[in-house]
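The structure is given below, and queries will be raised subsequently.
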Amino acid sequence: VQLVESGGGLVQPGGSLRLSCKASGGISLVYVMGWYRQVPDNGGRELVATITTTDVIQYGDFVNGRFIIYRDGAKNTVNLEMNNLEPGDTGVYYCHFRNGRDYWGQGTQVTVSG
C-alpha cells in the first residue's frame, strides 16, 4: 500500500488547513485510515483522527471538536479539516493505513505560528 499525502504548511493561530491522503495498491475492502502526529518535545506519535470503512471515527483527546475527518471511499482518500489551529498543533502529521498491516506516509509539516 502506498500513501500520498498533501496539504499542510504554515498558518496563523486560529486558521485552518486541510490534509489529504490517498491510498493505492493492495487496498482491501476493510481498513482503517487516518492521521497521527509527532509534535516537538513529545517522543511518540499521537492519534489525531481515524476513520474506518464503516465510518467509525475516533479523535485524539486534544481535538475538542476542532477537526473533522471524512473519507471518499471510491478514491481511497481521507481528508482532515483542521480548524481553529493552535501553536501546540505544530508538528509532523503522518497518514496511517491499517488492514492487518500498518502503513505510514512520509509525513507533512504543519506549523501554526503568528
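Looking only at the range 22-41, filter to residues that are of a type in the set (S, T, N, Q) and closer than 20 Å to Glu5 by Cβ; which one of those is surrounded by the most Cβ atoms within 10 Å (Cβ to Cβ)?
My answer is Gln38.
Which fully enclosed strands (runs of 3 or more DSSP E) of the chain have 2 or more residues being small (Gly, Ala, Ser)?
2-7, 17-24
Which residues, taken from the range 81-98, are open to solvent by 40 Å² or more (accessible area, probe 1.4 Å) and over 15 Å from Ser6 (Cα atoms)?
Residues satisfying the conditions are Asn83, Asn84, Glu86, Pro87, Gly88, Arg98.
Exactly one of these conditions fails for Thr111: (1) open to solvent by less than 20 Å² (accessible area, probe 1.4 Å); (2) closer than 18 Å to Gly8 by Cα; (3) out of contact with any Asp or Glu (no Cβ under 6 Å at 6 or more places or on another chain). Give me its number.
(1)
Every residue in the range 55-80 that is more than 20 Å from Val1 (Cβ to Cβ) and open to solvent by less than 50 Å² (accessible area, probe 1.4 Å), please.
Answer for the range 55-80, where residues must be more than 20 Å from Val1 (Cβ to Cβ) and open to solvent by less than 50 Å² (accessible area, probe 1.4 Å): Gly60, Phe62, Val63, Arg66, Phe67.
On to the next question. Do any residues in the range 88-114 that are closer than 15 Å to Glu46 by Cα have Cβ atoms under 6 Å from those of residues that are surrounded by 15 or more Cβ atoms within 10 Å (Cβ to Cβ) and among the charged types (D, E, K, R), where the two are at least six apart or on different chains, and which pairs are they?
Short answer, once both residue conditions are applied: Gly91/Arg37; Tyr93/Arg37; Cys95/Glu5; Gly105/Glu5; Thr108/Glu5.
Kindly establish whether Val1 is of a type in the set (Val, Ile, Thr) and farther than 19 Å from Val56 by Cα.
So Val1 fits the description; yes.
The values are calculated or read from the model by the stated rules, or taken from the named source; none is laboratory data. Model, not experiment: these values are computed from the prediction. Positions of Cβ are generated from backbone atoms using ideal geometry, with glycine treated the same way; all protein chains shown enter the neighbour counts. For the accessible areas, the whole protein counts, side chains as well, though only heavy atoms, and no ligand, DNA or RNA atoms are used. Shrake-Rupley method; radii C 1.70, N 1.55, O 1.52, S 1.80 Å.
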